[in-house]
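Some notes on the structure that comes next.
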Amino acid sequence: MSKYLELVCPAGTPAALRAAVDAGADTVYCGFRDATNARNYPGLNFDPDELAEGVEYAHKRHCRVLVAVNTFPRAGNPGPWRNAIDNAAAAGADAVILADLGVLDYAATKHPNLRRHLSVQAAAASPHAIRFYRETFGISRVVLPRVLSIEEVKALISQIPIEAEVFAFGSLGTMVEGRCFISSYITGCSPSMDGACAPAAHVSYKEENGCLVTRLDDVVMNRFEEDEPGAYPTPCKGRFMVRGRPMYLFEEPVALNVIPLLAELKAAGVTALKIEGRQRSRAYVGQVVAAFRKILDAAAAGTEMPAAAAELRSLAEGGKETFSAYAKGWR
Amino acid sequence: MTDISAPPSARLSIGPLLFHWTREKRQAFYARIADEAPVDCVYVGEVVCSKRLPWFEDDIPAIAERLRRGGKQVVFSTPALIASDREAQIVRDYCAAGEMIEINDLASLRVLAGEKFVAGALINVFNEGAMDVVRRMGAVRVNMPVELSAEAVAILAAYNPGETEMFAFGRQPIAISQRCYHARAFDLHKDACQFVCGNDPEGMKADQLDGRPLFTINGTQTLSHGYLVMFGMLLQLQRAGVDYFRLSPQTIDMVKVAELHRAVLDGAFGPEEALEKLREITSTDFVNGYVHGQAGMNWVEEQVA
């Protein structure tokens with residue numbers, strides 16, 4: 001069955017996996033309960049048995065399962081990442097999503113028949129980079145960094161021999177992925193090695209002079225007036241004093257939503273849409289996936305679903321949306 | 001007979017200039033480095049933004065020649081983001097000329113045709129597996145990610161049969177982007193940026209809302225607010241096998257900075273004295289958190305090993 005666009009959905013927990021599958025995901029992605037994936041937060045993720053059960057549940061309903069092993073192992077400790085690859089293979093996962101050169105090497109050598117997808121954490125945004133990974137490690141799909149305009153996505157896809165998956169909804173980083181050390185600069189916790197950016201344990205919210213001040217450890221990330229909605233203090237969404245005035249220097253706390261761009265993305269040759277949000281609630285995942293399912297099925301039939309699109313807009317983070325880099329002028 | 005009990009002496013390198021200095025400032029800087037700096041290797045080239053190249057690229061051959069006459073190895077640093085054919089062509093041109101290059105984007109590997117190269121810090125060699133891959137691809141020298149603790153660097157330096165290089169002085173690069181934040185701070189876009197990054201030879205401050213320092217912005221790059229300074233760690237890292245300590249150019253007297261590092265490595269004086277002498281030439285904050293396994297912006301008083 002050929003799909004209009006494959007819908008790839010976050011499965012932060014076994015319950016969220018079932019919710020995503022039931023809501024109509026074509027594919028779900030998840031991680032193990034340790035530092036081997038980039039959403040290493042308390043209360044999330046799978047142990048090997050839960051993954052095997054999740055794979056069985058998904059496969060029965062014609063849904064594929066991808067396992068993210070997309071952080072960078074620490075020197076002297078390759079074990080957890082190798083185990084993650086081995087366990088994903090043993091559980092019957094359809095592919096692993098990788099970034100580290102050594103992990104790619106291990107997977108390609110030890111499990112040549114396990115599909116390898118290139119994580120956005122590899123920050124491969126050019127045909128040269130993508131062909132390097134293809135030729136060296138036999139990757140079948142690349143998750144494109146969220147920094148390319150649609151024209152650039154189209155040009156790039158025309159120059160690569162593999163599938164492309166793009167982010168379609170949810171939070172977005174503004175820096176080249178996998179090489180952003182801003183969170184570890186402030187908290188000591190590394191997204192690259194620990195899989196955690198701005199972890200909750202380092203976050204505080206304080207009422208000060210009628211304003212809500214958010215901090216990461218001792219560092220002020222933002223200050224919200226009474227009438228302003230607050231946002232989680234991810235550092236690249238913080239407000240800083242620049243040239244004498246406070247500003248969202250890197251990015252406003254907006255969410256990506258590409259629904260109005262679906263036809264263009266399809267025309268650009270994109271294979272799959274990725275919904276960000278393994279750290280989101282099961283309810284959120286169910287709602288978002290169901291809305292995307294309606295919209296994609298309608299698009300395949302040449303129609304639209306304005307009610308579902310409106311529902312998605314209301315779910316966007318901070319109530320504000322962006323096309324991010326897909327539209328020109330982002331840089 | 002070689003005294004095999006003598007510890008190998010680490011070398012010093014001058015990293016690629018990350019800031020957008022004027023032509024004149026660059027020429028003056030490299031002339032002093034060539035003639036006066038006790039360094040073994042100098043990296044030349046534009047890493048942050050290829051838009052800057054037309055301002056100074058014609059001077060690069062003469063600068064390289066001057067550095068070589070001064071006894072320095074010259075390595076050409078290439079862009080952190082190979083996003084266009086223009087950037088890929090930079091890499092191709094250096095290779096065609098037979099030059100040693102530093103790659104900062106894995107895309108460059110596909111442009112190389114099996115030549116040897118230096119792996120820059122953004123290649124993300126965090127572990128032995130990645131080290132094996134880049135060495136297989138031809139890396140003769142590998143730069144450590146700035147996030148790594150001394151402990152991790154020691155493991156990798158011991159594991160690496162080739163050369164290991166580590167960022168040891170200067171504002172630490174902590175992120176890079178396709179988006180230009182310098183332009184954004186002036187309500188401009190990268191395409192029509194007016195080269196505002198050239199206004200800030202030490203980078204532009206981005207502070208916390210309460211005025212405390214936090215970041216330095218340099219075009220598309222985000223750096224630490226203070227200089228990494230790690231005199232107290234040099235000797236133990238040298239013993240662990242680090243071959244090159246990289247000094248990243250700031251506007252202060254980099255010849256003096258190189259002399260201070262050389263003196264500590266040679267045992268001419270200790271790290272505390274070096275720190276005092278450094279304080280005489282700059283009032284910029286110092287940071288050293290990463291190398292001590294902490295948040296990068298921290299400053300840890302060092303116990304000398």
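Read the figures in this text as sums done on the coordinates, not as results from a lab. Since we're looking at a predicted model, the values are computed, not measured. Here the Cβ positions follow ideal geometry from the backbone for every residue, glycine too, while neighbour counts run over all protein chains shown.
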**Report entry** Over the range A:1-138, equivalent-ellipsoid semi-axes from the Cα gyration tensor in Å
**Finding:** 23, 18, 13
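Taking the convex hull of the Cα atoms, report for the range B:138-281 its projected area averaged over all directions, in nm². Please list the in-between numbers first.
On the way: hull surface 43.5 nm².
In nm², the orientation-averaged hull projection of the range B:138-281 is 10.9.
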Report summary line: Out of A:292, A:263, B:297 - ranked by how far each Cα lies towards the positive end of the dipole of the protein assembly as shown, with unit charges on the beta-carbon of charged residues - the top one is A:263
Report summary line: chain A, Gaussian network, Cα under 10 Å: of A:168, A:283, A:84, the residue fluctuating most is A:283
Query raised in the report: Once Lys and Arg get +1 and Asp and Glu get -1 on their Cβ, which of A:127, A:200, A:109 lies farthest toward the positive end of the dipole of the range A:98-213?
Result: A:109
Query raised in the report: So who's got an amide H within less than 5 Å of the one on residue B:176, skipping anything under 5 residues away but keeping other chains? H placed 1.01 Å off N, in plane.
Result: A:176, B:222
Query - chain A: relative contact order in percent, alpha carbon pairs under 8 Å with at least 6 residues between - result: 21 percent
Requested in this report: Would you mind telling me which residue in A:274, A:110, A:294 has the biggest mean-square fluctuation in a Gaussian network model of chain A, where springs connect alpha carbons within a distance under 10 angstrom?
Outcome: A:110
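With +1 on each Lys and Arg Cβ and -1 on each Asp and Glu Cβ, and nothing else charged, work out how big the dipole of chain A is about its Cα centre, in Debye to the nearest 20. Before the final figure, lay out the partial values.
Working: 36 positive and 37 negative charges, 120 e Å.
That gives chain A a dipole magnitude of about 580 debye.
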Requested in this report: Quick one: which residues, 5+ away or cross-chain, put their amide H under 5 Å from the amide H of residue B:219? H built at 1.01 Å from N.
Outcome: B:182
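What size of dipole, in debye to the nearest 20, comes out for the protein assembly as shown about its Cα centre when the only charges are +1 on Lys and Arg C-beta atoms and -1 on Asp and Glu C-beta atoms? If you can, show how the numbers build up before the last one.
Numbers: 66 positive and 77 negative charges, 253 e Å.
Dipole magnitude for the protein assembly as shown comes out near 1220 debye.
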Report task. From the P(r) of chain B, can you give the percent of Cα pairs sitting at distances over 25 Å? Result -> 48 percent
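I need the trypsin sites (Lys or Arg not before Pro) found in the range A:23-80, filtered to DSSP loop residues with at most 14 other beta carbons within 10 Å of theirs.
Sites meeting the loop and neighbour criteria: A:61.
To one decimal place, what Kirkwood hydrodynamic radius in Å is obtained for the protein assembly as shown from all pairs of distinct Cα atoms? Let's see the in-between values first.
Numbers: mean 1/r = 0.0396 Å⁻¹.
The answer is 25.3 Å.
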Query - Label-reachable residues, the range B:16-51, where backbone N falls under 14 Å from a point 7 Å from residue B:65's Cα toward its Cβ - result: none
Query - Under 14 Å, Cβ to Cβ, from residue B:12 - net charge with Lys/Arg +1 and Asp/Glu -1 - result: -1
Query raised in the report: Sorted from largest down, what three extents in whole angstroms do the Cα atoms of chain A have along their principal axes?
Result: 59, 54, 39
Report task. Any chance you could check the Cα centroid distance between the range A:257-275 and the range A:210-240 for me, in angstrom? Result -> 32 Å
Query raised in the report: If you project the alpha carbons of the range A:133-186 onto their three principal axes, what span does each projection cover, largest first, in Å?
Result: 40, 27, 16
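Rounded to the nearest 5, what % of the DSSP beta bridges within chain B are antiparallel ones?
Details: 14 of 40 bridges.
The antiparallel fraction comes to roughly 35 percent.
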